[in-house]
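First up is the structure itself, then whatever we jot down about it.
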Amino acid sequence: MATLADSFLADLDELSDNDADLIEEDDVDAGNMEEDVDGDMADVETLNYDDLDCVSKLQKTQRYSDIMQKVEDALEKGSDISNQGLVLEDDPEYQLIVDCNALSVDIENEIIIIHNFIRDKYRLKFPELESLVHHPIDYARVVKKIGNEMDLTLVDLEGFLPSAIIMVVSVTASTTSGKPLPEEVLQKTIDACDRALALDAAKKKVLDFVESRMGYIAPNLSAIVGSAVAAKLMGTAGGLSALAKMPACNVQLLGAKKKNLAGFSTATSQFRVGYIEQTEVFQTTPPALRMRACRLLAAKSTLAARVDSTRGDPSGNTGRALREEICKKIEKWQEPPPAKQPKPLPVPDSEPKKKRGGRRLRKMKERYALTDMRKLANRMQFGVPEESSLGDGLGEGYGMLGQAGNGKLRVSVGQSKLAAKVAKKFKEKNYGSSGATSGLTSSLAFTPVQGIELTNPQAHAHQLGSGTQSTYFSETGTFSKIKPT
Amino acid sequence: MPLRNARERGGDEKRSRCRTCCRICTQGGPSIRLFLRRRGVVIIRFGHDWDDTCMQKRQRMPMLGKQKVLASVAERIKNFAVIYPVDITVVPDFNTMYELYDPSTVMFFFRNKHIMIDLGTGNNNKINWALKDKQEFIDIVETVYRGARKGRGLVIAPKDYSTKYRY
């Protein structure tokens, strides 16, 4: 989470103090680097071999001690409400709080640096520990406890870590490839651990102070998420303005921990929630709605932070209103759906069927359309008896077919699309048993040169299946349109 | 007056209709269907009180087959049909005209015209047994509605009841 803060810090321009510090540190480093040729390499080397002091300088700076002193004084004094009349920027307490925010970010960075230092040194002893224990402070505590001990059954890690992790650590330690450290290195490592823990304690103090003043600094934000979480958010973001500039999705992730799996399933791990998880509103929502609630909270608290950063509403009413809104929304989500009303049936035939149209439908209908022949057969002339298939009025009647006066010179069997389609399909599928051709194909062909020719019916089948035959000029295909003349 | 202690809504509606209907019958005389309905089928069920629990508002008698079916269906088909139960002991005027000798008889009318249904039983005028299935009854009513709207006097029921005694 400090790395996240790191990237945000890069965008911010209000931490001029920080810049000054960095310049300070760089100067000291430069002093060391003059001994070595390559600056970058020197840093790495100094990290490896030199003292902790070259790496972690924060505790030595004046700024740090000043602020810590002030914080302690302020904490002893208790909360001071009387200074509400002053404009915020002039208030020395407000300035202190801004400094505190910046400091807490710095402390976090320092802790990371120290953690790296400890890790590098301790790798010789117990390399697997860094992947089992992620949190820098936990790591520092564990390292301090274990020290140079090779047998972990003698070390009591209760209270430092969850018991499952302790088990894994003990098991891994029994098979570790590390060797005990030399006394000097061990001492340095323990020193570094102490320093990390001291910094952590300082950070806690700073946060406590900020939290106690939270209602004054950011009333709206504290109204929504509570002063503790508000202080943490501000601390991680690096100030109220920094928090206000963040998009809500980032606010949601402030303080999100990297979960240590060690073989546990991911099904239960809560995903993508940071400090917001600790708010009262979040804790009281049912688990199914938690993700939605988290997003909602982050969004509204970002709004509140923006209001606070411009001191738009010092009374905190906006925050309270937003909190009401959030609670109402969450309640609404939990409402059961409205009961299903039994609907009466609609009147039959009141909703006309949706008829489709278009070319495709027309072509489909054409296949079953009434042909001219059939039309003629359906009609009869007045006074003229029709012919029938079996003669004498028996069988199917032919109507106007073949009779004079029907206005057509010749009626031929029209192109029956249905038949053509069926025939084509039939040919291609080659129905019949084992190589024998369909009953519809004839093996006789009348050619102009040779008269009657016997064709090999198998030849056609192969041609069709080969894929080289072009189906555009298919021999079994039909014309697509024949105009009646 | 709609009855308050009715257990079933459909029953309540039916019973209320029954009472209004019967009142009309006893007051107005034979021509109860003179209120021409423009839009729907009029279903008249000729039966007896003690079968129907029609008049027994306070007692909770379980409803028998046909009555139950009609009660539950009334709500669903109210857009195109309306059901009127008539007690033939109170209104005996139609007994000879329609030959109402069975415990329950259902007849269909559309715009004051009697619609016949070919059920396969031989008697196209009415349904004179207790139809158990709700959906079947709805289907018959829908068929009657469709046919009657087109002007047909006889419609063909979707299901054949010629073997009705042997389901």
**OP:** Pop a pseudo-label 7 angstrom from the Cα along the beta-carbon direction at both residue B:156 and residue A:384 and give the gap in nm to one decimal.
**Re:** 3.6
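Set the bar at 23 Å for Cα to Cα. Now go through A:343/B:126; A:354/B:132; A:60/A:188; A:121/A:145 and name every pair that lies beyond it.
Table pairs above 23 Å Cα-Cα are A:343/B:126; A:354/B:132.
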**OP:** Could you order A:313, A:120, A:392 so the one with the most accessible surface comes first? Probe is 1.4 Å.
**Re:** A:392, A:120, A:313
Subject >> Accessible surface of the stretch A:167-216 [probe 1.4 Å, protein heavy atoms]: carbon and sulfur percent >> reply: 60
Subject >> Residues of the stretch A:331-359 buried by at least 30 Å² on assembly (accessible area, 1.4 Å probe, chain alone as reference) >> reply: A:344, A:345, A:347, A:348, A:349
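Determine the gain in length on full extension of the stretch residue A:174-residue A:310; use 0.36 nm per residue of separation and subtract their C-alpha separation, reporting nm with one decimal.
Numbers: separation 136, 0.36 × 136 = 48.96 nm, distance 5.71 nm.
Once the chain is fully extended between residue A:174 and residue A:310, it gains 43.3 nm.
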Original post:
Taking a probe of 1.4 angstrom, what is the accessible area of residue B:129 in Å², to the nearest 10?
Top reply: 30
Original post:
In the full protein assembly as shown, how much of residue A:99 is accessible to a 1.4 Å probe, in Å² to the nearest 10?
Top reply: 30
Original post:
How much solvent-accessible surface does residue A:115 expose, in Å² to the nearest 10, with a 1.4 Å probe and all protein chains in place?
Top reply: 20
Subject >> trypsin sites (Lys or Arg not before Pro) within the stretch A:196-243: DSSP coil, no more than 13 neighbouring Cβ in 10 Å >> reply: none
**OP:** In whole Hz, with x marking every Gly and Pro, tabulate ³J(HN,Hα) for the stretch A:279-289 from phi via Karplus 6.51 cos²θ - 1.76 cosθ + 1.60, θ = phi - 60°.
**Re:** 6, 5, 4, 5, 5, 8, 7, x, x, 5, 9
Subject >> Computed FRET value (nearest 0.05) for residue B:118 with residue A:417, which takes r as the C-beta separation and R₀ as 41 Å >> reply: 0.60
**OP:** Could you order A:153, A:172, A:189 by accessible surface area, starting with the largest, using a probe radius of 1.4 Å?
**Re:** A:153, A:172, A:189
Original post:
Got a sec? What order do A:158, A:366 fall in by accessible area at 1.4 Å, biggest, i.e. largest, first?
Top reply: A:158, A:366
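The values are calculated or read from the model by the stated rules, or taken from the named source; none is laboratory data. This is a predicted model, so every value here is computed, not measured. All Cβ positions, even for glycine, are placed from backbone atoms using ideal geometry, and neighbour counts span all protein chains on display. Heads up: the accessible areas ignore ligands, DNA and RNA and are worked out on the full protein's heavy atoms, side chains in. Shrake-Rupley method; radii C 1.70, N 1.55, O 1.52, S 1.80 Å.
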